[in-house]
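Trainee: Quick one: this structure, given as C-alpha coordinates, is what I'll be asking you about.
The values are calculated or read from the model by the stated rules, or taken from the named source; none is laboratory data. Fair warning: this is a prediction, and the values are worked out from it, not measured in the lab. Neighbour counts run over all protein chains shown; Cβ positions are idealised from the backbone, glycine included.
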Amino acid sequence: MPLDRPSLLSLAQRLRTLRESHWPGAALTQAAIANALSSEERLSPATVSSWESSNSPKLPPRSRLTAYARFFATRRSVETDPPRLLPLTELSDEERDAFTALETELLALRDGVRRHPVREAVALRRSWYFSDSGPVTLICAQLPESETGSLADPNDPNYTELLSYADLDALVELHGHIRAENSTMGVFFKLWSNVVPDNLSGHVVLLGGIAWNDMTQRLSDMTSQPVRQIEDPEIPTGEIFVVERDGAEERFLPEWAEDGKTLIEDVGLLVRTPNPINSNRSLTICNGVHSRGVLGAVRALTDARLRDSNEQYIAENFADPSNFAILMRVPVMAGQAMTPDFRAPGCVRFRWPEA
(Lines give C-alpha, C1' and ligand atoms only; values in the text may rest on other atoms or scores of the structure.)
Protein backbone atom coordinates (compact mmCIF):
# COMPACT_ATOMS: atom_id res chain seq x y z
CA MET A 1 0.00 0.00 0.00
CA PRO A 2 1.43 3.41 -0.90
CA LEU A 3 2.22 5.62 2.11
CA ASP A 4 3.49 9.17 2.38
CA ARG A 5 7.11 8.48 3.33
CA PRO A 6 7.99 11.94 4.80
CA SER A 7 4.94 11.75 7.08
CA LEU A 8 5.79 8.20 8.09
CA LEU A 9 9.35 9.24 8.96
CA SER A 10 7.99 12.14 11.02
CA LEU A 11 5.81 9.77 13.03
CA ALA A 12 8.74 7.39 13.57
CA GLN A 13 10.94 10.25 14.76
CA ARG A 14 8.24 11.47 17.18
CA LEU A 15 7.90 8.01 18.74
CA ARG A 16 11.67 7.73 19.07
CA THR A 17 11.86 11.19 20.67
CA LEU A 18 9.13 10.30 23.16
CA ARG A 19 11.04 7.22 24.27
CA GLU A 20 14.48 8.82 24.43
CA SER A 21 13.83 12.29 25.79
CA HIS A 22 10.24 12.80 26.97
CA TRP A 23 11.40 12.09 30.50
CA PRO A 24 15.12 12.87 30.89
CA GLY A 25 16.86 10.25 32.98
CA ALA A 26 14.22 7.57 32.46
CA ALA A 27 16.45 5.63 30.01
CA LEU A 28 13.57 3.85 28.32
CA THR A 29 14.49 1.02 25.96
CA GLN A 30 12.40 -0.38 23.15
CA ALA A 31 12.04 -3.55 25.22
CA ALA A 32 10.67 -1.52 28.16
CA ILE A 33 8.05 0.12 25.91
CA ALA A 34 7.08 -3.27 24.45
CA ASN A 35 6.77 -4.82 27.90
CA ALA A 36 4.60 -1.97 29.24
CA LEU A 37 2.25 -1.97 26.25
CA SER A 38 2.01 -5.78 26.32
CA SER A 39 -0.26 -5.53 29.37
CA GLU A 40 -3.19 -5.21 26.96
CA GLU A 41 -1.93 -7.03 23.86
CA ARG A 42 1.42 -8.70 23.32
CA LEU A 43 4.01 -6.46 21.67
CA SER A 44 7.61 -7.33 20.76
CA PRO A 45 10.65 -5.03 20.97
CA ALA A 46 11.25 -5.73 17.27
CA THR A 47 7.86 -4.22 16.43
CA VAL A 48 8.62 -1.10 18.49
CA SER A 49 11.92 -0.86 16.64
CA SER A 50 10.12 -1.08 13.29
CA TRP A 51 7.87 1.84 14.28
CA GLU A 52 10.91 3.97 15.16
CA SER A 53 13.08 3.03 12.17
CA SER A 54 14.80 5.94 10.47
CA ASN A 55 15.14 4.01 7.19
CA SER A 56 12.00 1.96 6.63
CA PRO A 57 9.48 2.56 9.43
CA LYS A 58 6.26 0.59 9.76
CA LEU A 59 2.91 2.23 10.46
CA PRO A 60 1.59 1.51 14.00
CA PRO A 61 -2.11 0.70 14.49
CA ARG A 62 -4.25 3.48 15.93
CA SER A 63 -4.83 1.50 19.13
CA ARG A 64 -1.08 1.33 19.79
CA LEU A 65 -0.69 5.10 19.38
CA THR A 66 -3.50 5.61 21.88
CA ALA A 67 -1.58 3.36 24.29
CA TYR A 68 1.60 5.41 23.66
CA ALA A 69 -0.31 8.57 24.56
CA ARG A 70 -1.55 7.00 27.78
CA PHE A 71 1.92 5.79 28.71
CA PHE A 72 3.60 9.17 28.14
CA ALA A 73 0.76 11.20 29.70
CA THR A 74 2.06 10.56 33.22
CA ARG A 75 5.51 10.13 34.70
CA ARG A 76 3.97 7.55 37.01
CA SER A 77 4.33 5.15 34.07
CA VAL A 78 8.09 4.99 34.73
CA GLU A 79 8.13 5.25 38.50
CA THR A 80 7.88 1.49 38.84
CA ASP A 81 10.32 -1.19 37.74
CA PRO A 82 9.48 -2.27 35.15
CA PRO A 83 7.51 0.66 33.68
CA ARG A 84 3.77 0.05 33.32
CA LEU A 85 0.76 1.28 31.37
CA LEU A 86 -1.79 2.85 33.71
CA PRO A 87 -5.53 2.46 33.07
CA LEU A 88 -7.15 5.61 31.76
CA THR A 89 -9.40 5.67 34.83
CA GLU A 90 -6.33 6.15 37.09
CA LEU A 91 -5.17 9.33 35.35
CA SER A 92 -5.69 12.67 37.06
CA ASP A 93 -7.48 15.49 35.25
CA GLU A 94 -4.12 17.04 34.31
CA GLU A 95 -2.76 13.70 33.09
CA ARG A 96 -5.95 13.05 31.11
CA ASP A 97 -5.52 16.42 29.37
CA ALA A 98 -1.94 15.46 28.51
CA PHE A 99 -3.19 12.12 27.19
CA THR A 100 -5.81 13.77 24.98
CA ALA A 101 -3.32 16.23 23.52
CA LEU A 102 -0.71 13.57 22.80
CA GLU A 103 -3.24 11.13 21.35
CA THR A 104 -4.56 13.85 19.04
CA GLU A 105 -1.03 14.65 17.89
CA LEU A 106 -0.01 11.06 17.22
CA LEU A 107 -3.23 10.12 15.43
CA ALA A 108 -2.96 13.26 13.29
CA LEU A 109 0.56 12.23 12.30
CA ARG A 110 -0.74 8.76 11.43
CA ASP A 111 -3.63 10.18 9.40
CA GLY A 112 -1.11 12.32 7.51
CA VAL A 113 0.73 9.19 6.43
CA ARG A 114 -2.41 7.92 4.72
CA ARG A 115 -3.87 11.24 3.53
CA HIS A 116 -2.58 11.00 -0.03
CA PRO A 117 -4.98 9.72 -2.73
CA VAL A 118 -5.49 6.05 -1.96
CA ARG A 119 -8.07 5.49 -4.70
CA GLU A 120 -5.62 6.23 -7.51
CA ALA A 121 -2.88 4.15 -5.96
CA VAL A 122 -5.12 1.17 -5.27
CA ALA A 123 -6.19 1.06 -8.90
CA LEU A 124 -2.69 -0.25 -9.55
CA ARG A 125 -2.89 -2.75 -6.69
CA ARG A 126 -3.76 -6.31 -7.69
CA SER A 127 -3.44 -8.96 -4.99
CA TRP A 128 -3.13 -11.77 -7.51
CA TYR A 129 -0.36 -10.13 -9.52
CA PHE A 130 3.16 -11.17 -8.46
CA SER A 131 6.10 -9.05 -9.58
CA ASP A 132 8.73 -11.76 -9.03
CA SER A 133 9.47 -15.01 -10.84
CA GLY A 134 7.04 -17.13 -8.81
CA PRO A 135 5.94 -19.85 -9.24
CA VAL A 136 2.42 -20.09 -7.80
CA THR A 137 1.02 -23.40 -6.57
CA LEU A 138 -2.62 -23.87 -5.60
CA ILE A 139 -2.89 -26.67 -3.06
CA CYS A 140 -6.36 -28.17 -3.07
CA ALA A 141 -8.49 -30.30 -0.81
CA GLN A 142 -9.01 -33.92 -1.81
CA LEU A 143 -12.44 -35.50 -1.74
CA PRO A 144 -12.68 -38.73 0.27
CA GLU A 145 -13.53 -41.84 -1.73
CA SER A 146 -17.03 -41.84 -0.23
CA GLU A 147 -17.70 -38.51 -1.95
CA THR A 148 -16.42 -39.44 -5.43
CA GLY A 149 -17.83 -41.53 -8.23
CA SER A 150 -16.26 -44.22 -10.37
CA LEU A 151 -14.69 -41.70 -12.74
CA ALA A 152 -12.37 -40.56 -9.93
CA ASP A 153 -10.88 -44.06 -9.82
CA PRO A 154 -7.60 -44.27 -11.81
CA ASN A 155 -8.58 -47.79 -12.86
CA ASP A 156 -11.66 -46.53 -14.70
CA PRO A 157 -11.09 -46.06 -18.47
CA ASN A 158 -12.77 -42.65 -18.23
CA TYR A 159 -10.76 -41.57 -15.18
CA THR A 160 -10.82 -37.78 -14.65
CA GLU A 161 -8.33 -36.53 -12.08
CA LEU A 162 -10.22 -33.33 -11.28
CA LEU A 163 -13.14 -35.36 -9.97
CA SER A 164 -10.96 -36.02 -6.89
CA TYR A 165 -10.68 -32.28 -6.17
CA ALA A 166 -12.89 -30.42 -3.71
CA ASP A 167 -13.86 -26.79 -4.27
CA LEU A 168 -13.65 -27.06 -8.06
CA ASP A 169 -15.59 -23.82 -8.58
CA ALA A 170 -13.01 -21.93 -6.54
CA LEU A 171 -10.09 -23.68 -8.23
CA VAL A 172 -11.28 -22.89 -11.78
CA GLU A 173 -12.06 -19.28 -10.87
CA LEU A 174 -8.74 -18.63 -9.15
CA HIS A 175 -6.40 -20.58 -11.43
CA GLY A 176 -7.69 -18.77 -14.50
CA HIS A 177 -7.44 -15.39 -12.80
CA ILE A 178 -3.87 -15.90 -11.58
CA ARG A 179 -2.80 -17.16 -15.02
CA ALA A 180 -4.30 -14.05 -16.63
CA GLU A 181 -2.56 -11.74 -14.15
CA ASN A 182 0.82 -13.53 -14.49
CA SER A 183 1.00 -14.70 -18.08
CA THR A 184 4.71 -15.61 -18.02
CA MET A 185 4.74 -17.31 -14.63
CA GLY A 186 4.24 -20.98 -13.80
CA VAL A 187 0.86 -21.45 -12.13
CA PHE A 188 0.11 -24.97 -10.94
CA PHE A 189 -2.50 -26.82 -8.89
CA LYS A 190 -2.07 -29.99 -6.86
CA LEU A 191 -3.93 -32.14 -4.39
CA TRP A 192 -2.38 -31.71 -0.96
CA SER A 193 -1.48 -35.43 -0.91
CA ASN A 194 0.70 -34.96 -4.03
CA VAL A 195 2.65 -31.95 -2.77
CA VAL A 196 6.45 -32.19 -2.71
CA PRO A 197 8.81 -29.75 -0.90
CA ASP A 198 9.54 -27.67 -4.01
CA ASN A 199 5.82 -26.86 -4.30
CA LEU A 200 5.97 -25.03 -0.97
CA SER A 201 8.84 -22.63 -1.64
CA GLY A 202 7.07 -20.34 -4.13
CA HIS A 203 3.80 -18.46 -3.75
CA VAL A 204 1.39 -20.91 -2.13
CA VAL A 205 -2.41 -20.72 -2.22
CA LEU A 206 -4.40 -23.05 0.04
CA LEU A 207 -7.95 -23.81 -1.10
CA GLY A 208 -10.33 -25.42 1.35
CA GLY A 209 -10.41 -26.30 5.01
CA ILE A 210 -8.77 -28.66 7.44
CA ALA A 211 -11.04 -31.67 6.92
CA TRP A 212 -9.90 -32.48 3.36
CA ASN A 213 -6.67 -30.48 3.11
CA ASP A 214 -4.07 -31.34 5.76
CA MET A 215 -1.76 -28.68 4.34
CA THR A 216 -4.19 -25.95 5.43
CA GLN A 217 -3.79 -26.97 9.08
CA ARG A 218 -0.02 -27.45 8.87
CA LEU A 219 0.78 -24.11 7.24
CA SER A 220 -1.85 -22.16 9.19
CA ASP A 221 -0.21 -23.28 12.42
CA MET A 222 3.09 -21.79 11.18
CA THR A 223 1.62 -18.29 10.70
CA SER A 224 0.80 -15.56 13.21
CA GLN A 225 -2.82 -15.05 12.10
CA PRO A 226 -5.24 -15.82 14.97
CA VAL A 227 -8.16 -17.47 13.14
CA ARG A 228 -8.48 -21.20 13.76
CA GLN A 229 -10.79 -23.76 12.18
CA ILE A 230 -12.24 -26.50 14.35
CA GLU A 231 -14.85 -29.22 14.25
CA ASP A 232 -18.16 -28.43 15.92
CA PRO A 233 -20.85 -31.06 16.56
CA GLU A 234 -23.53 -28.45 15.77
CA ILE A 235 -22.20 -28.10 12.19
CA PRO A 236 -21.57 -31.65 10.88
CA THR A 237 -21.30 -30.40 7.27
CA GLY A 238 -18.15 -28.29 7.81
CA GLU A 239 -15.64 -26.87 10.26
CA ILE A 240 -16.28 -23.50 11.92
CA PHE A 241 -13.90 -20.59 12.54
CA VAL A 242 -12.97 -19.40 16.04
CA VAL A 243 -10.96 -16.46 17.36
CA GLU A 244 -9.65 -15.93 20.89
CA ARG A 245 -10.58 -12.44 22.10
CA ASP A 246 -10.39 -11.07 25.65
CA GLY A 247 -9.88 -14.53 27.05
CA ALA A 248 -13.00 -15.95 25.41
CA GLU A 249 -13.51 -17.98 22.25
CA GLU A 250 -15.66 -16.29 19.61
CA ARG A 251 -17.33 -18.64 17.12
CA PHE A 252 -18.32 -17.74 13.55
CA LEU A 253 -21.16 -19.86 12.20
CA PRO A 254 -23.05 -20.13 8.91
CA GLU A 255 -26.77 -19.42 8.73
CA TRP A 256 -29.58 -21.68 7.55
CA ALA A 257 -33.12 -21.12 6.33
CA GLU A 258 -36.05 -21.96 8.59
CA ASP A 259 -36.08 -25.52 7.25
CA GLY A 260 -32.66 -26.02 8.86
CA LYS A 261 -31.32 -27.53 5.65
CA THR A 262 -30.88 -24.70 3.16
CA LEU A 263 -27.65 -22.71 3.55
CA ILE A 264 -28.34 -18.99 3.20
CA GLU A 265 -25.02 -17.58 4.45
CA ASP A 266 -21.58 -19.15 4.74
CA VAL A 267 -18.41 -17.84 6.39
CA GLY A 268 -15.30 -17.27 4.27
CA LEU A 269 -11.70 -16.66 5.32
CA LEU A 270 -9.09 -14.77 3.31
CA VAL A 271 -5.53 -14.71 4.64
CA ARG A 272 -2.44 -13.20 3.02
CA THR A 273 0.83 -13.61 4.92
CA PRO A 274 4.50 -14.30 4.18
CA ASN A 275 5.12 -17.92 3.24
CA PRO A 276 6.55 -19.55 6.40
CA ILE A 277 8.66 -21.83 4.19
CA ASN A 278 10.12 -18.95 2.13
CA SER A 279 9.48 -15.44 3.47
CA ASN A 280 10.31 -13.94 0.04
CA ARG A 281 7.06 -15.43 -1.27
CA SER A 282 3.46 -15.29 -0.06
CA LEU A 283 0.99 -17.68 1.49
CA THR A 284 -2.70 -17.10 0.76
CA ILE A 285 -5.53 -19.04 2.36
CA CYS A 286 -9.00 -19.08 0.79
CA ASN A 287 -11.17 -21.07 3.13
CA GLY A 288 -14.76 -21.47 4.27
CA VAL A 289 -16.99 -23.45 6.56
CA HIS A 290 -18.44 -24.92 3.35
CA SER A 291 -17.47 -24.74 -0.32
CA ARG A 292 -19.53 -21.57 -0.80
CA GLY A 293 -17.34 -19.84 1.77
CA VAL A 294 -14.21 -20.91 -0.12
CA LEU A 295 -15.62 -19.58 -3.39
CA GLY A 296 -16.67 -16.32 -1.74
CA ALA A 297 -13.17 -15.79 -0.35
CA VAL A 298 -11.75 -16.33 -3.85
CA ARG A 299 -14.24 -14.12 -5.70
CA ALA A 300 -13.72 -11.24 -3.27
CA LEU A 301 -10.56 -10.39 -5.24
CA THR A 302 -11.41 -11.85 -8.67
CA ASP A 303 -14.94 -10.55 -9.37
CA ALA A 304 -14.54 -7.65 -11.81
CA ARG A 305 -17.50 -5.80 -10.27
CA LEU A 306 -16.22 -5.77 -6.69
CA ARG A 307 -12.50 -6.57 -6.62
CA ASP A 308 -11.30 -2.95 -6.95
CA SER A 309 -13.50 -1.84 -4.05
CA ASN A 310 -12.33 -4.78 -1.94
CA GLU A 311 -8.70 -4.10 -2.85
CA GLN A 312 -9.20 -0.53 -1.71
CA TYR A 313 -10.71 -1.73 1.57
CA ILE A 314 -7.58 -3.81 2.19
CA ALA A 315 -5.32 -0.86 1.35
CA GLU A 316 -7.19 1.45 3.69
CA ASN A 317 -7.53 -0.89 6.65
CA PHE A 318 -4.24 -2.77 6.84
CA ALA A 319 -0.91 -1.06 7.36
CA ASP A 320 0.74 -4.13 5.83
CA PRO A 321 -1.44 -5.69 3.10
CA SER A 322 1.03 -8.58 2.86
CA ASN A 323 -0.04 -9.82 6.31
CA PHE A 324 -3.76 -9.77 7.15
CA ALA A 325 -6.82 -11.93 7.68
CA ILE A 326 -10.51 -11.26 6.98
CA LEU A 327 -13.47 -13.38 8.07
CA MET A 328 -16.44 -12.48 5.89
CA ARG A 329 -20.09 -13.23 5.33
CA VAL A 330 -20.78 -15.05 2.05
CA PRO A 331 -24.47 -14.73 1.14
CA VAL A 332 -25.96 -17.69 -0.71
CA MET A 333 -28.79 -16.87 -3.13
CA ALA A 334 -30.63 -19.62 -5.04
CA GLY A 335 -27.78 -21.97 -4.15
CA GLN A 336 -25.09 -19.65 -5.52
CA ALA A 337 -22.33 -17.99 -3.49
CA MET A 338 -22.46 -14.21 -3.88
CA THR A 339 -19.26 -12.14 -3.94
CA PRO A 340 -18.63 -10.48 -0.56
CA ASP A 341 -18.54 -6.68 -0.56
CA PHE A 342 -16.14 -5.73 2.25
CA ARG A 343 -17.75 -2.28 2.53
CA ALA A 344 -21.27 -3.63 3.01
CA PRO A 345 -22.47 -3.36 6.63
CA GLY A 346 -21.71 -6.55 8.52
CA CYS A 347 -19.82 -8.23 5.68
CA VAL A 348 -16.49 -8.27 7.51
CA ARG A 349 -17.09 -10.23 10.69
CA PHE A 350 -13.48 -10.10 11.92
CA ARG A 351 -10.24 -8.68 10.64
CA TRP A 352 -6.66 -8.98 11.82
CA PRO A 353 -4.77 -6.90 12.72
CA GLU A 354 -7.62 -4.98 14.34
CA ALA A 355 -6.04 -1.50 13.92
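Trainee: Considering every residue within the range 113-127, establish whether at least one is under 29 Å from the mean Cα position of the chain (by Cα), at pLDDT 90 or above and of a type outside the set (S, T, N, Q).
Mentor: Within the range 113-127 (the criterion being under 29 Å from the mean Cα position of the chain (by Cα), at pLDDT 90 or above and of a type outside the set (S, T, N, Q)), the answer is no, since none of the residues qualifies.
Trainee: Exactly one of (1) in a loop (DSSP other than H, G, I, E, B); (2) closer than 26 Å to THR262 by Cα; (3) more than 14 Å from the chain's Cα centre (by Cα) is unmet by PHE342. Its number?
Mentor: (3)
Trainee: Quick check: is even one residue across the range 50-68 without any contact (Cβ under 8 Å) to a residue 12 or more places away in the chain, assigned to a loop (DSSP other than H, G, I, E, B) and under 30 Å from LEU301 (Cα atoms)?
Mentor: Checked against the condition, which is being without any contact (Cβ under 8 Å) to a residue 12 or more places away in the chain, assigned to a loop (DSSP other than H, G, I, E, B) and under 30 Å from LEU301 (Cα atoms), the range 50-68 yields at least one hit.
Trainee: Would you check which residues across the range 148-172 are surrounded by 18 or more Cβ atoms within 10 Å (Cβ to Cβ), at pLDDT 90 or above and outside any strand (DSSP E or B) and list them?
Mentor: If the condition is that a residue be surrounded by 18 or more Cβ atoms within 10 Å (Cβ to Cβ), at pLDDT 90 or above and outside any strand (DSSP E or B), then ASP167, ALA170, LEU171 are the ones that fit.
Trainee: Another question about this same structure. Applying the selection to the range 302-332, what residues are out of contact with any strand residue (DSSP E or B) (no Cβ under 8 Å at 6 or more places or on another chain) and aliphatic (A, V, I, L, M)?
Mentor: ALA304, LEU306, ALA315, ALA319, listed by residue number.
Trainee: Another question, if that's okay. In the range 150-170, how many residues are under 13 Å from GLY208 (Cα atoms) and out of contact with any Phe, Trp or Tyr (no Cβ under 6 Å at 6 or more places or on another chain)?
Mentor: Here the count works out to 5.
Trainee: Still on this model: Would you point out the residue of the range 133-147, among those that are among the hydroxyl-bearing types (Ser, Thr, Tyr) and not in a loop (DSSP other than H, G, I, E, B), that is surrounded by the most Cβ atoms within 10 Å (Cβ to Cβ)?
Mentor: It comes out as THR137.
Trainee: Also: So which of ASP266, ASP303, ASP259, ASP308 is crowded, with 22+ Cβ neighbours inside 10 Å and outside the structural domain of PRO60 (by TED's automatic domain parsing)?
Mentor: ASP266
Trainee: Do we find that LEU269 is of a type in the set (A, V, I, L, M), in contact with a Phe, Trp or Tyr (Cβ under 8 Å, 6 or more places away or on another chain), under 23 Å from PHE342 (Cβ atoms) and in a loop (DSSP other than H, G, I, E, B) in this structure?
Mentor: no
Trainee: Among all residue pairs at least 6 apart or on different chains, which show Cβ distances below 8 Å where the first residue, located in the range 10-31, is closer than 16 Å to ALA67 by Cβ and the second is among the small types (Gly, Ala, Ser) and in a helix (DSSP H, G or I)?
Mentor: LEU11/GLY112; GLN30/SER49
Trainee: Here's a follow-up. Is there a residue in the range 30-39 that is surrounded by 15 or more Cβ atoms within 10 Å (Cβ to Cβ), out of contact with any Pro (no Cβ under 6 Å at 6 or more places or on another chain) and part of a loop (DSSP other than H, G, I, E, B)?
Mentor: Looking for residues that are surrounded by 15 or more Cβ atoms within 10 Å (Cβ to Cβ), out of contact with any Pro (no Cβ under 6 Å at 6 or more places or on another chain) and part of a loop (DSSP other than H, G, I, E, B), one finds none in the range 30-39, hence no.
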